[in-house]
Number of protein chains: 4
Amino acid sequence: MGSAPDASDIVAVIERVKESGCDDVRVSRGKSRTIIGLLGDVSQLDPVELRGMAGVVNVVSVFAPYKLVSRDNHPERSTVWVGGVPIGPGTVTLIAGPCAVETPQQTLEAAQMARAAGATLLRGGAYKPRTSPYAFQGLGEAGLRILADVREQTGLPIVTEVVDPDDVKLVASYADMLQVGTRNAQNFALLEAVGEIGKPVMLKRGMSATIEEWLMAAEYIAQRGNLDIVLCERGIRTFETATRNTLDVSAVPIAQRLSHLPVIIDPSHSGGHRDLVLPLTRAAIAVGADGVIIDIHPDPEQALCDGPQALTGSDIGDLARVMTLMPAVTGRHRTPSAMPSDESIQASLRRTLEGARA
Amino acid sequence: MGSAPDASDIVAVIERVKESGCDDVRVSRGKSRTIIGLLGDVSQLDPVELRGMAGVVNVVSVFAPYKLVSRDNHPERSTVWVGGVPIGPGTVTLIAGPCAVETPQQTLEAAQMARAAGATLLRGGAYKPRTSPYAFQGLGEAGLRILADVREQTGLPIVTEVVDPDDVKLVASYADMLQVGTRNAQNFALLEAVGEIGKPVMLKRGMSATIEEWLMAAEYIAQRGNLDIVLCERGIRTFETATRNTLDVSAVPIAQRLSHLPVIIDPSHSGGHRDLVLPLTRAAIAVGADGVIIDIHPDPEQALCDGPQALTGSDIGDLARVMTLMPAVTGRHRTPSAMPSDESIQASLRRTLEGARA
Amino acid sequence: MGSAPDASDIVAVIERVKESGCDDVRVSRGKSRTIIGLLGDVSQLDPVELRGMAGVVNVVSVFAPYKLVSRDNHPERSTVWVGGVPIGPGTVTLIAGPCAVETPQQTLEAAQMARAAGATLLRGGAYKPRTSPYAFQGLGEAGLRILADVREQTGLPIVTEVVDPDDVKLVASYADMLQVGTRNAQNFALLEAVGEIGKPVMLKRGMSATIEEWLMAAEYIAQRGNLDIVLCERGIRTFETATRNTLDVSAVPIAQRLSHLPVIIDPSHSGGHRDLVLPLTRAAIAVGADGVIIDIHPDPEQALCDGPQALTGSDIGDLARVMTLMPAVTGRHRTPSAMPSDESIQASLRRTLEGARA
Amino acid sequence: MGSAPDASDIVAVIERVKESGCDDVRVSRGKSRTIIGLLGDVSQLDPVELRGMAGVVNVVSVFAPYKLVSRDNHPERSTVWVGGVPIGPGTVTLIAGPCAVETPQQTLEAAQMARAAGATLLRGGAYKPRTSPYAFQGLGEAGLRILADVREQTGLPIVTEVVDPDDVKLVASYADMLQVGTRNAQNFALLEAVGEIGKPVMLKRGMSATIEEWLMAAEYIAQRGNLDIVLCERGIRTFETATRNTLDVSAVPIAQRLSHLPVIIDPSHSGGHRDLVLPLTRAAIAVGADGVIIDIHPDPEQALCDGPQALTGSDIGDLARVMTLMPAVTGRHRTPSAMPSDESIQASLRRTLEGARA
């Protein structure tokens, strides 16, 4: 450092790069500096690895290290279908329900409220990852059964979290979409397991994940053969303590530009306070999110998990108005309820949707 | 720590608190812990100060340390008038113009574009704080003269930055509103100087300022007798590198709840990229911001400062559409042009505005 | 907000708190504010839950939410024994070895270098969590077998990472200490699994975990009956990009004050560059860490993982000097090699160690 | 984005770069990507500027944008002399004293304690930048006079903060070294003013400044002709709330590698708690800092500013021991008191020092 690399350093770097399978290497020698440009496949090359080689001052990554989820190789944005409900371009999908499934009654009421607000998918947690081992951890399979019953009664397909690779099969046998939470965003064993099970996955952004790391996590799922992935921005950790997390709305247009996957926003967990949910929902739709996922509870003060951020009866009308009004301002419409299962009707509806956004 | 405070520690803390002028102190002794609640005036007491006293485990601030800008003492949200243009509840104000004033021609063209997009105030920098001493630092007073000429030609009142307390008087003699930038958000000498000059001030949030620190900075201005302050969220520093800064849209409803001052958003400096400006502008208005401030340049590729984030001719129609459409979705309307100087007409327009938002 | 809570709000909060099992509640009513102090057991109460109740302005946590790992209930600092090697007060333990096990030869050479530097425990990864699915993921059980062979040859007990709850039993059958990595710091299924297996655990701090969250993660392990936990600070995520992570040396004295568990530092993964390892090792010991864990590789330029941060042959002498010199400046000594298995001799050595630090 | 740049885009970028004065541009065209390497002088080119041009996916800065403070052009590390006291390689300098000058008696006592601990420079604030306008702001010139008197009595040269460009001349007429605080780290008017006054400057790192931005701030001072700059790391803002700031010890070896300027650490303001000062001081010296600056107060519980982090009488012996013991472990010694003013004796002492570190 501080001195120019000598020729042998440069040769060593080039060799190392070529060994990794990158076959297009360009060297530009300046008076005191040399730039080695890697234009071939660098997927086998960890930039951190190169940094320790003699003479290397810096290694910078210009192109994306992910492939399957990259928009470069798949310019058209994707739609993910969950139990007949589309999430993707042209529509704005509302997913709503209780943070945690507590009782059949509470779940059914929350689902009915969700529906009244315009939701076409039901969220609800049976397995809850909690910071404290002393906090309510969810009902487990009993919770899944409640969700399945409520789906029967309301027609709303189910989105629910899975936290342990061993549970993936069980959860997938009940759920229409599996959720991977922020604390598991780099739990690679779990990512691989949901990649193999072949159900749609909602992947929350890690609490301190860069957009690139988030897409790499999606790549883990994709690499196991599952491209039905919806990305969910839910706030990142910053120095600000007035909110639970800082909602990063810019991540939506950026992730949509870098990846073909749909991107939604969770305004409940980011803000952490009921008063912020509607403003952040409006912002989410306005910035272009393909949907929102919102906590709803019939009696938030008795909720076993995250009550303070749950919308309740008196908010449903306002949420319904937001869901009716806001999609239009970005040239989209609220996602209709689950499509009929008849394949030919579905196909025709898809064509209509595609027409709408063309 | 780890052991209970003894009685003399508790007495010492109480004495210290009372010396500071806080006259309402409540002590709750538990088995192994004691809570000392301060319910009186704690403005002379720095929480950090108490933390070092014997027996003190933690000091937590429950109530706001600011007063003049607090909404507690001023429940109605304020409107700040800039050269006859209101910024505040009921309206959404567009401030637009070049990041830096370069030439009369460039500034006039940018102002005309701004106007076409619906702007009622012109932004433009004559003094530019730049990370590098080798970057363009602005035209200084020559730039102010250009701005004044363009105001004459277009009727748009001027918002411009001041970076040195010594320049405040000069800048205020040209400007309709003074801007304090993110790097000077805790430059207390500058805050006091703009507090004394009696012109409206736009106070950008510090790059790593909490919402509380931002409001404390506003309190510095207010304390010198100037309450015509508009808060401007412009993105905060986080670990994410895909954007220049992370726009914290949640800060808008929170600052509006904590303070009576108007709050606007700068979508240009937060995102740092032209493609993000319109989505972030939509999000800003949707979340409830009282206005937006946007970089516009007739020829961004030749801009001497922040060209990549400036909107240009081809974007003006889109911005105008956003400014027409979006305010309505939050029950507001775009701010009309500067009010006539006749006091009675102004008063009548104010009444109309107030009616609109009631 | 902005108005005083009325009596029914206060009653509702108190009831909620008492339902949770907290039986010591003190109310201090001021003119416009009321403080409700909770002095009883709040372990069943999530502070976030209270924030949404009517009239609640803020909820602040003064006391620690963890119990088993807290120093409050266990004032003497603990020593964790790993295959006869102590980690805890009075000594400074060096754990060293390759980031990833690649071949028997590479692992043995790295172990011999580690030993020469003063290490008494061998690190080495057989299961590697990698940001990219295309990067080397470790040898799995074949790697564990190599580690066991090298332990036989060098006498160094083994520390190795486990990433999947399903692998815990297998990994524990080879390892002397299980490592939970930064990406799994809130993988609760994994924490519970290592808590049940009854082997010592090294718990790395999450990339963006507060010290409190880190201790809560340890509490998950402890709650399953395993208190043989060593905390490892390895750098946190910040805005600074010059280092891979920002090493938080202050976390060591703070965690040692809040918890009785030993705390060590990983200077390799925090800095991410070989040149930083020795300065950060000196800082780690000087600040009071109970040990350090360091990457060593016989040929870093060929390493399959994190080569740039690995020390190599030419650095061993310097590391050995640091390990000889630095512990003394904080009144400690380098940890001796594994204790003989004879219980009575071990007990006598423990007494000697305890004498040394008294 | 997502499509290859066409030839005219590439030409436009090259033209723009050349206009800025960078005369060495190398183009490497790949199948779908093109790398444009800039090997000439890029000091007039803001990387952000290029990012908005058509076809540009990313702009990355490989080389440092600062020159005068860069170690590239000045491989030998510099020593800055303050009233005859050296700060730089080979020595470890202790600067100590009260956070704020309150009374002659308090300042003299703090100075005597500082001296007893081994300090060779006296710190003390007459102008205090405080987050709250209601907090004690310092005694101003009266404080400077007290400092000058105490210098007379103790022989300790003075380091004191300046916060307003207008005060620089006055403060420099009393002080031996001017301090620029963290809140003013990008107050360019102030940086230029201290650059012109020709007194040594201690430049604290901005609360959220990258190491590069910190060096750019130093470049502002250097560019006005003043290279007597000492960099001071004082903790950065992160999500962690257990400390006032997160002390970034890694910044010391990195800044020393990138710049020839001396780098010291402030363990008082980073930790924010007395208990952390000694551990962080040991870490600071161990990591290689050229000095430390520490708050000392004869009666911290009565301090008007930052009492909880001030060392006091009972800590002086411990600090003295640290200052005696720790420099040796990194092959240095504690800085001796101010050099005699006789030039020839000074020169001889300098030679001795240089011998010591060779």
Along the range B:300-316, what does the Karplus equation 6.51 cos²θ - 1.76 cosθ + 1.60 (θ = phi - 60°) give for ³J(HN,Hα), rounded to whole Hz, x for Gly and Pro?
x, 5, 9, 4, 7, 8, 6, x, x, 9, 7, 6, 9, x, 5, 8, 4
For the range C:110-179, with only Lys/Arg (+1) and Asp/Glu (-1) charged at the beta-carbon, what is the dipole magnitude about the Cα centre, in debye rounded to 20?
240 debye
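Before rounding to the nearest 500, sum -39500 (n - 2.57) across all DSSP H runs of length at least 4 in chain B and divide by the residue total; then give [θ] at 222 nm in deg cm²/dmol.
Numbers: 12 runs with 135 residues, N = 358.
Estimated from H runs of four or more residues: -11500 deg cm²/dmol.
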Size of the dipole of chain D about the Cα centre, Lys and Arg at +1 and Asp and Glu at -1 on the beta carbon, nothing else charged, in debye to 20?
880 debye
Once the other residues with Cβ under 12 Å from the Cβ of A:Ala286 are scored (Lys, Arg +1; Asp, Glu -1), what is the net sum?
+3
Any chance you could give the angle, 0 to 90 degrees and rounded to 10, that helix B:141-154 forms with the longest Cα principal axis of chain B?
60 degrees
Please turn the phi angles of the range A:251-256 into ³J(HN,Hα) values with the Karplus equation 6.51 cos²θ - 1.76 cosθ + 1.60 (θ = phi - 60°), one per residue in order, whole Hz, x for glycine and proline.
4, 5, x, 5, 5, 5
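What is the local net charge at A:Ile316, summed over the other residues whose Cβ is closer than 12 Å to its Cβ (Lys, Arg +1; Asp, Glu -1)? All intermediate terms of the calculation are to be shown ahead of the outcome.
Working: positive: A:Arg115, A:Arg321; negative: A:Glu109, A:Asp315, A:Asp318.
Here the charged neighbours net out to -1.
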Placing the label point 7 Å from Cα along the Cα-to-Cβ direction, what are the distances from C:Ser8 to the equivalent spots in the other copies, shortest first, in nm to one decimal?
5.1, 7.0, 8.5
Once the Cα atoms of helix B:104-117 and of chain B are each reduced to a long axis, what angle between those two axes, in degrees from 0 to 90 to the nearest 10, is obtained?
80 degrees
Determine the shape class of the protein assembly as shown: with a ≥ b ≥ c the square roots of the Cα gyration tensor eigenvalues, call it rounded for a/c under 1.5, and otherwise prolate if a/b is greater than b/c, oblate otherwise.
rounded
Report the residue, chosen from B:Ser208, B:Ser28, B:Ser270, that carries the largest GNM mean-square fluctuation when chain B is represented by alpha-carbon nodes joined by springs under 10 Å.
B:Ser28
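When a footprinting reagent is the concern and you count Cβ atoms within 10 Å, what order do A:Tyr220, A:Tyr174, A:Tyr134 take, fewest first? Provide the component values of the computation, followed by the final result.
Values: A:Tyr220 27, A:Tyr174 17, A:Tyr134 20.
Ascending number of Cβ neighbours within 10 Å: A:Tyr174, A:Tyr134, A:Tyr220.
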For D:Lys18, list the aspartates and glutamates whose Cα falls under 17 Å from its own Cα; do not include residues on the same chain fewer than 8 positions away.
B:Glu301, D:Asp9, D:Asp41, D:Asp46, D:Glu49
In whole Hz, the Karplus estimates of ³J(HN,Hα) for the range B:282-290 (6.51, -1.76, 1.60; θ = phi - 60°; x where Gly or Pro) are 4, 5, 4, 5, 4, 7, x, 4, 7
What gaps in nm, shortest first, separate B:Ala142 from its twins in the other copies when you place the label 7 Å past Cα toward the beta carbon?
4.6, 7.1, 7.9
antiparallel share of DSSP beta bridges within chain D, to nearest 5, in %, is 25 percent
At 37 °C and 0.692 mPa s, the Stokes-Einstein diffusion coefficient in µm²/s for chain C, with hydrodynamic radius from the Kirkwood sum on alpha carbon pairs, is 151 µm²/s
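Name the shape class, rounded, prolate or oblate, that the alpha-carbon gyration tensor gives for the range A:60-213, where a ≥ b ≥ c are the square roots of its eigenvalues, rounded holds for a/c under 1.5, and otherwise prolate holds if a/b is larger than b/c and oblate otherwise. Don't skip to the answer; put the middle values down first.
Numbers: a/c = 2.03, a/b = 1.38, b/c = 1.47.
Since a/c reaches 1.5 but b/c is at least a/b, the shape of the range A:60-213 is classed as oblate.
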Say we join alpha carbon atoms closer than 10 Å with springs in a Gaussian network model of chain B; which of B:Ala119, B:Ala289, B:Ala135 then has the biggest fluctuation?
B:Ala135
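Partner chain Cβ atoms within 10 Å, averaged over the residues of D:316-327 - can you pull that number for me? It would help to have the intermediate numbers written out before the result.
Values: counts 0, 0, 0, 0, 0, 1, 3, 0, 0, 3, 5, 0.
Mean inter-chain Cβ contacts per residue within 10 Å come to 1.
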For the range C:233-290 and the range C:13-27, what is the separation of their C-alpha centers, rounded to whole Å?
40 Å
Relative contact order as a percentage, chain B, C-alpha pairs under 8 Å and 6+ apart, gives 18 percent
Springs between alpha-carbon atoms under 10 Å, Gaussian network over chain C: tell me which of C:Cys232, C:Cys305, C:Cys22 tops the mean-square fluctuations.
C:Cys22
Per the C-alpha gyration tensor (a ≥ b ≥ c, the square roots of its eigenvalues), the range C:164-264 is rounded if a/c is under 1.5, else prolate if a/b beats b/c, else oblate; here it's prolate
Total charge dipole magnitude, the protein assembly as shown, about the Cα centre, Cβ charges on Lys, Arg, Asp, Glu only, Debye to nearest 20:
0 debye
7 Å along Cα→Cβ, label-point gaps from C:Thr103 to other copies, nm, shortest first:
6.6, 6.6, 7.5
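Every number here is computed from the coordinates shown, using simple stated rules; none is lab data. Computed from a prediction, not measured in an experiment: that's the story for all the values here. Please note: Cβ atoms are built from the backbone with ideal geometry, for glycine as well, and neighbour counts cover all protein chains shown.
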